[in-house]
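A.B. asks: One structure coming up, written as structure tokens, with questions to follow.
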Amino acid sequence: MPAKRALRNLHLTLSYDLSVRQSFAHDASGLELVPESVARPKSEADVASLLRDAPAGRVAVTPAGGQTSTTGASITDRGVLLSLRGLTDVGAVDDERLTIRVQAGVLLGDLKRRLAADGLLFAPDPTSEDDVTVGGAIACNASGARSLLYGATRPHVAGLRVALADGSVHELRRSRLEKNTVGYAAVHDPIDWFIGSEGTLGVILEAELSLLPLPPNVTGLAIPFPEENVALDFIIAARSSTTVSARCLEYFDVRALEVARTAEGAGGWAAGAGALVYLEQASAAGSDIPLDEWLTLAQRYGAVENDILVYEGASALRDARRLRHTVPSTMIERGNRYRAAGGRRVSTDWAVPYRHLKEAISQSRQFAAEAGIDQPVIYGHAGNGHPHQNFIARDAAELARMEQVVEQTLRRVVALGGTFAAEHGTGKIKRKWLPLQLTPLQLGVMKAMKHALDPAALLAPGNLF
Ligand SMILES: Cc1cc2nc3c(=O)[nH]c(=O)nc-3n(C[C@H](O)[C@H](O)[C@H](O)COP(=O)(O)OP(=O)(O)OC[C@H]3O[C@@H](n4cnc5c(N)ncnc54)[C@H](O)[C@@H]3O)c2cc1C
């Protein structure tokens, strides 16, 4: 095997064992790619030495964290699968700067629970956070429900330690300049090159994360509505309101609501509802949650008032989060049942400016109806104009028809000023759609950057390019 010969001087042990390689061959995309070998470094020096040896042997290296990617970004059948899960050091909180240094393999959920015990918050909250690594969240610029208030991962990263394709290690800090006219804006903060780069520009070893004080009061509300359009109108009104300010506005269509109900054994709850909005409102110490204002707004849009649920306290909010997570995890399970027949879950993460949400959803439903395929399950971060559509393809032919419907939808989404990938990245599955959104000029600049940092194109081949 070529990878074995090229890396013979490597101190780090590579595994060629088929069962080990197969255990790293899947992520949440439904694809299977078995790597030629697997590296499981325990230190930054191991990673640097792997990369230093790789160019000489022209061996590709694909970094991986929790392997929750929905786009096939964390799996490969070329060269080494580099699992960063062994880099798990967590430093002390810097109380003055309100930051913490952590290695790339630390799980986001563990880190957040540890910080919460000290009254601190690392804000990014992908639904999958219990299985996601810090390195993976940064490499995908992950976001989540609460990104409505806090933004995606990018603004919460103050520093990065990265290894480039040649094995050199670089310490990068976000500039705090209020004014700067030196050079192109794109080079002002090299840290931003790596956030969202999906493993293609460098390997994230360690990060300095910016923290916030944990908000003292948070209330969650699950508000059922009779049908989709009024629920979406409610979301648009909530975004524009001056009396309420949600930190998340999550949408469940009638099918997503049914998935959650079934998984929770919540049988008859909100039985007549055609849609649900889950929202959270945070407030500062000493100030009240504007509950009456929320209920007045919900009433105005015809909410099913008797079935509104209120979530108060950390444990109740965790229950609500678990319920939300049930929807994608159930859909992944359903999709995996059809893998042998060439089927899988087809999942979108397009977003439009939130005022266009109703139009985009209604168009996408129409495209599915015209193609004669099952309507998708629609749920997610509607407050950011960012719903997820999940279809279940039962075989390869159905998959091809669904992908056509998705492409029709994406063309419409981009025409409405939206994006085809708001939070899950492009990976291998969506790279065919890059020209829908980026001009040849933008694609050319991206390729030039890739060439400057990874001239032999050894990092994460197949992701983005
Ligand atoms: C049920 C479910 C729900 C999800 N919900 C959300 C959500 O709400 N929001 C959201 O944003 N995403 C969500 N995702 C997608 C996924 O969890 C995120 O993209 C996450 O950031 C991936 O992290 P990971 O550690 O699993 O990375 P992996 O899947 O292992 O890798 C993802 C990408 O990052 C690169 N990478 C990983 N580690 C490093 C490193 N140290 N250095 C350089 N590159 C690296 C890989 O090469 C790959 O390109 C969800 C996924 C699932 C399965």
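Throughout, read-outs are computed from the coordinates displayed, never taken from laboratory work. Small disclaimer: the values here were computed from a predicted structure and weren't measured. Positions of Cβ are backbone-derived with ideal geometry, glycine not excepted, and every protein chain shown enters the neighbour counts.
A.B. asks: Which whole-number percentage describes the relative contact order of segment 254-413, with Cα contacts under 8 Å and a sequence gap of 6 or more?
C.D. replies: 23
A.B. asks: Another question, if that's okay. Compute and list, largest first, the equivalent-ellipsoid semi-axes of segment 217-333 from the alpha carbon gyration tensor, each √(5λ) rounded to a whole angstrom.
C.D. replies: Each semi-axis is √(5λ); the values are 22, 17, 12 Å.
A.B. asks: Counting alpha carbon pairs within less than 8 Å and at least 6 residues apart, what relative contact order, in whole percent, applies to segment 337-441?
C.D. replies: 37
A.B. asks: Further question: When each pair of different Cα atoms in segment 83-159 is counted once in the 1/r mean, what is the Kirkwood radius in angstroms, to one decimal?
C.D. replies: Kirkwood hydrodynamic radius for segment 83-159: 12.5 Å.
A.B. asks: Based on DSSP, what percent of beta bridges with both residues in segment 25-177 are antiparallel, to the nearest 5?
C.D. replies: Of the beta bridges lying entirely in segment 25-177, close to 60 percent run antiparallel.
A.B. asks: Relative to the longest principal Cα axis of the chain, at what angle does helix 254-264 sit, 0 to 90 degrees, rounded to 10?
C.D. replies: 80
A.B. asks: How big is the dipole moment of the chain about its Cα centre under a simple scheme where the beta carbon of each Lys and Arg is +1, that of each Asp and Glu is -1, and everything else is neutral? Debye, nearest 20, please.
C.D. replies: Approximately 1400 debye in magnitude.
A.B. asks: I would also like to ask the following. Kindly provide the helix-only [θ] at 222 nm of the chain, computed as the sum of -39,500 (n - 2.57) over DSSP H runs of four or more divided by all residues, to the nearest 500 deg cm²/dmol?
C.D. replies: The helix-only estimate for the chain comes to -10000 deg cm²/dmol at 222 nm.
A.B. asks: Taking the Cβ of Gly268 as the centre, find all other residues whose Cβ is under 14 Å away and add up their charges (Lys, Arg: +1; Asp, Glu: -1).
C.D. replies: -2
A.B. asks: Then there is this: Which number do you get for Rg(Cα) / (2.2 N^0.38 Å) in segment 337-441?
C.D. replies: So segment 337-441 has a normalised radius of gyration of 1.03.
A.B. asks: In addition: At Asp395 and Arg339, where each label point lies 7 Å from the Cα along Cα→Cβ, what is the point-to-point distance in nanometres?
C.D. replies: Going by the 7 Å Cα→Cβ label model, 2.0 nm.
A.B. asks: Further, regarding this structure: How far apart, in nanometres, would the label points at Glu227 and Val90 be if each is projected 7 angstrom from Cα along the Cα-to-Cβ direction?
C.D. replies: Going from the Glu227 label point to the Val90 one covers 4.9 nm.
A.B. asks: Looking at the chain, how many pairs of lysines come closer than 23 Å at the Cα, when each pair is eight or more places apart or spans two chains?
C.D. replies: Close lysine pairs under the 23 Å cut-off: 8.
A.B. asks: Do any GluC sites (Glu not before Pro) in segment 16-100 lie in a loop, going by DSSP, with at most 16 other beta-carbon atoms within 10 Å of their beta carbon, and if so which?
C.D. replies: Glu96
A.B. asks: For the chain, what does the relative contact order come out to in percent, with C-alpha contacts under 8 Å and a separation of six or more?
C.D. replies: With pairs under 8 Å counted, the relative contact order is 16 percent.
A.B. asks: Ok, one more. Obtain the radius of gyration and the Kirkwood radius of segment 90-213 from its C-alpha atoms and give Rg over Rh.
C.D. replies: Ratio of gyration radius to Kirkwood radius for segment 90-213: 0.96.
A.B. asks: A follow-up question, please. For the chain, divide the Cα radius of gyration by the Kirkwood radius and give the resulting Rg/Rh value with two decimals.
C.D. replies: Rg/Rh for the chain comes to 0.97.
A.B. asks: In segment 71-98, whose amide N lies under 19 Å from the spot 7 Å out along Cα-to-Cβ of Lys447? List them in ranges.
C.D. replies: none
A.B. asks: Separate question: Using only Cα atoms and rounding to the nearest 10 degrees, what angle (0 to 90) does helix 228-240 make with the longest principal axis of the chain?
C.D. replies: Relative to the chain, helix 228-240 is tipped by roughly 70 degrees.
A.B. asks: Can you list the HN-Hα couplings for segment 315-331, worked out from phi with the Karplus curve (6.51, -1.76, 1.60; θ = phi - 60°), rounded to whole Hz and with x for Gly and Pro?
C.D. replies: Rounded to whole hertz, the list is 5, 5, 5, 5, 4, 5, 5, 5, 4, 5, 5, 4, 5, x, 5, 5, 5.
A.B. asks: Taking the chain as the reference, fit the longest principal axis to its C-alpha atoms, fit the long axis of helix 357-370 to the helix C-alpha atoms, and give the angle between the two in degrees, 0 to 90, nearest 10.
C.D. replies: The two axes meet at around 80 degrees.
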